[in-house]
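Trainee: Handing you this structure, nothing more for now.
The values are calculated or read from the model by the stated rules, or taken from the named source; none is laboratory data. Note that the structure is a prediction, hence the values are computed from the model and not measured. All Cβ positions, glycine included, derive from the backbone under ideal geometry; neighbour counts span all protein chains shown. Side chains are part of the model used for accessible areas, which takes the heavy atoms of the whole protein and leaves out ligands, DNA and RNA. Shrake-Rupley method; radii C 1.70, N 1.55, O 1.52, S 1.80 Å.
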Amino acid sequence: MTKFIDLTLSGISDGAIYAAVALALVLIWRSTRIVNFAQGAMLMITTFIASAVINSGGSYVLGFAVALASGFVFGAVVERVVVRPIEHAPPLNAVILTLGLYTLLVAVAGMIWGNTPRSFPAAFSLRGYKVGGTTLLFTPNDTFIVLVVIAVAVALALLFRATSVGLRMRAAAFAPEVARLLGVRVGRMLTLGWALAAMTGALAGVLVAPSVFLGPNSFDPILIIGFVAAVLGGLDSPPGAVVGGLVLGLALSYVSGYEGSALVPLAALAILVIVLMIRPTGLFSATKERRV
Amino acid sequence: MLTIEELTTDYGPVRAVDHVSLEVPDGSVTAVLGANGAGKTTLLRTLTGLVRPSSGHVTLAGRDITRLPVEEIVRLGMAHVPEGRGVIAELTVQENLRLGGMWRGRDAAPPAEIYELFPRLEERRTQPASRLSGGERQMLSIGRALMGRPRVLLLDEPSLGLAPVLVAQIMSLVRKLADTLGLTVLLVEQNARSALSIASRGVVLNLGRVVAEQDPHKLAADDRLLHAYLGF
Ligand SMILES: Nc1ncnc2c1ncn2[C@@H]1O[C@H](COP(=O)(O)OP(=O)(O)OP(=O)(O)O)[C@@H](O)[C@H]1O
Ligand SMILES: [Mg+2]
């Protein structure tokens, strides 16, 4: 029974991180119809920046803030400089471009920071809570991870649902031409979408770095699982991304705990295939309403 | 006043609008008629900057707007209700309306004004626009355009797919808007009789060219012309 509770709790913590990664992918997909294969490398860079800040004497909070801020700027710059020129090109161009960006960023990070993974500090203690006589796998830092991801998901939901800039962003994503006819500066909305997405990705990076260590390729497995989570949720639904992340976090935690961690990638793939077979549009897709 | 001079728009080798010149005085309703493929939609899309002309000029209230981006043209008071209405299905009725006035900030028309015009929209304001009927969608897209208090309203086949009663209602509303708000309207229609019944002037397009420009009553009575270009 303790094992089940342990696995459930750590599944929730992992799931929160997958949810953040999935959110980053979904925000970009729904505004520009691009799967951002460079997302893993972008959040790797911002985590290295945070690491540099912390190693040169900055506090964790400062490093955390710098990661988010640099993610925001990074996303905006990538949209303006890299994505904007291929806006009307065939979708394959975007695939090649984001894959190319991924390769470039990984190479650059290797040159600057080396290829040996290094440690990254956690915000809070990594020692599990003690309940009665037993020590849980769930730590204060896990609590922090879950709360921060919830806060960001809620903030994004409020931004989209309750503010005028959120309404303009949704209009620009759903119907760019109509949005322009209503005076929405669609280009700016896309830039903002990429900035918010990269910021959410940067958040996932600093949250997960203490457990995966920080190296140019450290985040690749998490990106793949985050992508599966995004597809699970329908690829264009932010709430779907969060639910997909949590479901996957729990499922993979049970698989890893009861069957062994070697099966985790296989299980992620199996879940993806099953969901695509039963509901090809994912669990939360808005596309069925997309007929005007 | 909206002035169009020698406007020409090409899609590659296809010339969709061919040296069109028109003057649309303030507060008037100009009906632009023509068969399928005559270039009506392309004319409107060129006016709002969605497609770029190969040559010619568009002037709005004395200002050359030919090369401005869509968002800027909208800010100068041009509203375009596109073919097929362009209601954003995922957003609610209220959100669609708000969006129409957003660029104006505080000076936007209050939604209450639009709801007064279209009470049906108020009943459905919290529903997603995907649930609206064709007529309600037309009301929503016109209402949404009015939220920005435009000077010029471009309507692309508002009667398409609507029952005759609704068509008559929409047409009389358009006339009323021109009379009471001084709105300048360019009304693209295939439904020639309805459009001409409220128009100040009628223009017939064929293969991108203006082939007739007349008083609406004379045009409506000209069976030969209507037959030749509109298939009546
Ligand atoms: N995106 C496009 N690419 C290439 N050709 C186009 C495009 N849009 C329209 N055309 C062509 O331009 C011409 C004018 O089309 P347009 O849509 O402006 O006509 P229309 O008068 O609005 O017709 P309808 O009454 O059917 O809406 C047609 O020959 C059409 O095939
Ligand atoms: Mg048309």
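Trainee: Consider A:Leu147 carefully, then state whether it is more than 30 Å from A:Arg33 (Cβ to Cβ) and modelled with pLDDT of 90 or more.
Mentor: Details: more than 30 Å from A:Arg33 (Cβ to Cβ): yes; modelled with pLDDT of 90 or more: yes.
Yes.
Trainee: Is it the case that the range A:122-139 has a residue that's in contact with a helix residue (DSSP H, G or I) (Cβ under 7 Å, 6 or more places away or on another chain) and of a type outside the set (A, V, I, L, M, F, W, C)?
Mentor: Here is the first cut: in the range A:122-139, the ones in contact with a helix residue (DSSP H, G or I) (Cβ under 7 Å, 6 or more places away or on another chain) are A:122-126, A:134, A:136-138.
This time we only want the ones that are of a type outside the set (A, V, I, L, M, F, W, C), so: A:125, A:134.
Yes, the range A:122-139 contains at least one residue that is in contact with a helix residue (DSSP H, G or I) (Cβ under 7 Å, 6 or more places away or on another chain) and of a type outside the set (A, V, I, L, M, F, W, C).
Trainee: Continuing with this model, one more query. Quickly run through the range A:7-34 and pick out the residues that are open to solvent by 10 Å² or more (accessible area, probe 1.4 Å), farther than 25 Å from A:Val255 by Cβ and hydrophobic (A, V, I, L, M, F, W, C).
Mentor: Passing the criteria: A:Trp29, A:Ile34.
Trainee: Being more than 14 Å from A:Ala107 (Cα to Cα) and not aliphatic (A, V, I, L, M) is the filter; apply it to the range A:210-219 and report the residue that is least open to solvent (accessible area, probe 1.4 Å).
Mentor: Step one: list which residues in the range A:210-219 are more than 14 Å from A:Ala107 (Cα to Cα), which gives A:210-214, A:219.
Pick out the ones that are also not aliphatic (A, V, I, L, M) and you get A:210-211, A:213, A:219.
Working: A:Pro210: 25, A:Ser211: 89, A:Phe213: 98, A:Phe219: 2 Å².
Among them, the one singled out is A:Phe219.
Listed here are the residues, each with its yes/no results for (1) within 23 Å of A:Val247 (Cα to Cα); (2) touching a Leu at 6+ places or on another chain (Cβ under 6 Å).
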site: A:Gly15; (1), (2): yes, yes
site: A:Tyr18; (1), (2): yes, yes
site: A:Leu43; (1), (2): yes, no
site: A:Ala52; (1), (2): no, no
site: A:Val61; (1), (2): no, no
site: A:Val81; (1), (2): no, no
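Trainee: Now for a different question. Looking at the range A:31-58, which of its residues are more than 14 Å from the chain's Cα centre (by Cα) and of a type outside the set (A, V, I, L, M)?
Mentor: Matches in the range A:31-58: A:Ser31, A:Thr32, A:Arg33, A:Phe48, A:Ser51, A:Asn55, A:Ser56, A:Gly57, A:Gly58.
Residue by residue, here is whether (1) surrounded by 20 or more Cβ atoms within 10 Å (Cβ to Cβ); (2) within 13 Å of ligand 1 (Cβ to nearest atom) holds:
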site	(1), (2)
B:Ala168	no, no
B:Thr180	no, no
B:Val185	yes, no
B:Gln190	no, yes
B:Ser197	no, no
B:Ser200	no, no
B:Val203	yes, yes
B:Glu213	no, no
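Trainee: Identify, by number, the condition in (1) closer than 16 Å to A:Leu156 by Cβ; (2) part of a helix (DSSP H, G or I); (3) touching a Lys or Arg at 6+ places or on another chain (Cβ under 9 Å) that A:Gly187 doesn't meet.
Mentor: If we test A:Gly187 against (1) closer than 16 Å to A:Leu156 by Cβ; (2) part of a helix (DSSP H, G or I); (3) touching a Lys or Arg at 6+ places or on another chain (Cβ under 9 Å), just (1) comes out false.
Trainee: In addition: Take the range B:25-38 and flag every residue that is near ligand 1 (Cβ under 9 Å from one of its atoms) and open to solvent by 10 Å² or more (accessible area, probe 1.4 Å).
Mentor: B:Ala35, B:Asn36, B:Gly37, listed by residue number.
Trainee: Restricting the search to the range A:216-236, which residues are closer than 16 Å to A:Gly201 by Cα and of a type in the set (Gly, Ala, Ser)?
Mentor: A:Ser218, A:Gly226, A:Ala229, A:Ala230
Trainee: What residue, among those in the range B:143-160 that are within 14 Å of chain A (Cβ to nearest Cβ) and within 21 Å of B:Thr42 (Cβ to Cβ), is most open to solvent (accessible area, probe 1.4 Å)?
Mentor: B:Leu160
Trainee: Is there a residue being within 14 Å of chain B (Cβ to nearest Cβ), on the phi > 0 side of the Ramachandran plot and open to solvent by less than 20 Å² (accessible area, probe 1.4 Å) anywhere in the range A:164-181? Break it down into steps so the answer makes sense when it comes.
Mentor: First pass over the range A:164-181, keeping only residues within 14 Å of chain B (Cβ to nearest Cβ): A:164-181.
Cutting the leftovers down to on the phi > 0 side of the Ramachandran plot gives us none.
No, that holds for no residue.
Trainee: Right, another one. Working only within the range B:7-19, note down all residues that are open to solvent by 60 Å² or more (accessible area, probe 1.4 Å) and under 17 Å from the mean Cα position of the chain (by Cα).
Mentor: Residues of the range B:7-19 open to solvent by 60 Å² or more (accessible area, probe 1.4 Å): B:11-15, B:19.
Scanning the range B:7-19 gives no hits.
Trainee: Which helices (runs of 4 or more DSSP H) does the range A:35-150 wholly contain that include 2 or more residues that are open to solvent by 50 Å² or more (accessible area, probe 1.4 Å) and of a type in the set (A, V, I, L, M, F, W, C)? Spell out how you get there, then give the answer.
Mentor: On the way: elements: A:39-55, A:60-77, A:91-113.
So the answer is A:60-77, A:91-113.
Trainee: Report whether or not B:Arg85 is touching a residue at least 12 places away in the same chain (Cβ under 8 Å), within 10 Å of another protein chain (Cβ to nearest Cβ) and open to solvent by 50 Å² or more (accessible area, probe 1.4 Å). So that I can check it myself, show each step before the final result.
Mentor: Numbers: touching a residue at least 12 places away in the same chain (Cβ under 8 Å): yes; within 10 Å of another protein chain (Cβ to nearest Cβ): yes; open to solvent by 50 Å² or more (accessible area, probe 1.4 Å): no.
Judged against the criteria, B:Arg85 is not a match.
Trainee: Check the range B:102-117 and report whether any residue there is open to solvent by 40 Å² or more (accessible area, probe 1.4 Å), away from ligand 1 (no atom under 13 Å from the Cβ), away from chain A (no Cβ under 13 Å) and in a strand (DSSP E or B).
Mentor: Looking through the range B:102-117, none of the residues is open to solvent by 40 Å² or more (accessible area, probe 1.4 Å), away from ligand 1 (no atom under 13 Å from the Cβ), away from chain A (no Cβ under 13 Å) and in a strand (DSSP E or B).
Trainee: Output the number of residues of the range B:190-232 satisfying the condition of being among the aliphatic types (A, V, I, L, M) and more than 18 Å from the chain's Cα centre (by Cα).
Mentor: Going residue by residue through the range B:190-232, those that are among the aliphatic types (A, V, I, L, M) are B:192, B:195-196, B:198-199, B:203-205, B:207, B:210-212, B:219-221, B:225-226, B:228, B:230.
In the following step, the residues that additionally are more than 18 Å from the chain's Cα centre (by Cα) were identified as B:207, B:211-212, B:219-221, B:225-226, B:228, B:230.
Counting residues in the range B:190-232 that are among the aliphatic types (A, V, I, L, M) and more than 18 Å from the chain's Cα centre (by Cα) gives 10.
Trainee: Oh, and also: Quick one: count up the residues across the range B:215-232 that are away from ligand 2 (no atom under 16 Å from the Cβ) and either exposed (fewer than 15 other Cβ atoms within 10 Å of the Cβ) or at pLDDT 95 or above (or both).
Mentor: Within the range B:215-232, the subset away from ligand 2 (no atom under 16 Å from the Cβ) is B:215-228, B:232.
Of the ones still in play, those that are also either exposed (fewer than 15 other Cβ atoms within 10 Å of the Cβ) or at pLDDT 95 or above (or both) are B:215, B:217-218, B:221, B:223-224, B:227, B:232.
Adding up the residues that qualify gives 8.
Listed here are the residues, each with its yes/no results for (1) within 16 Å of ligand 2 (Cβ to nearest atom); (2) open to solvent by less than 20 Å² (accessible area, probe 1.4 Å); (3) more than 25 Å from B:Leu230 (Cα to Cα).
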| position | (1), (2), (3) |
| --- | --- |
| B:Glu5 | no, no, no |
| B:Ser21 | no, no, no |
| B:Thr41 | yes, no, no |
| B:Pro53 | no, yes, yes |
| B:Arg75 | no, no, yes |
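Trainee: If the requirement is being touching a residue at least 12 places away in the same chain (Cβ under 8 Å) and within 23 Å of A:Pro140 (Cβ to Cβ), which of these qualifies: A:Ser51, A:Ser70, A:Ser31? Show your work before the answer.
Mentor: Values: A:Ser70 fails: within 23 Å of A:Pro140 (Cβ to Cβ); A:Ser31 fails: within 23 Å of A:Pro140 (Cβ to Cβ).
One residue alone meets the criteria, A:Ser51.
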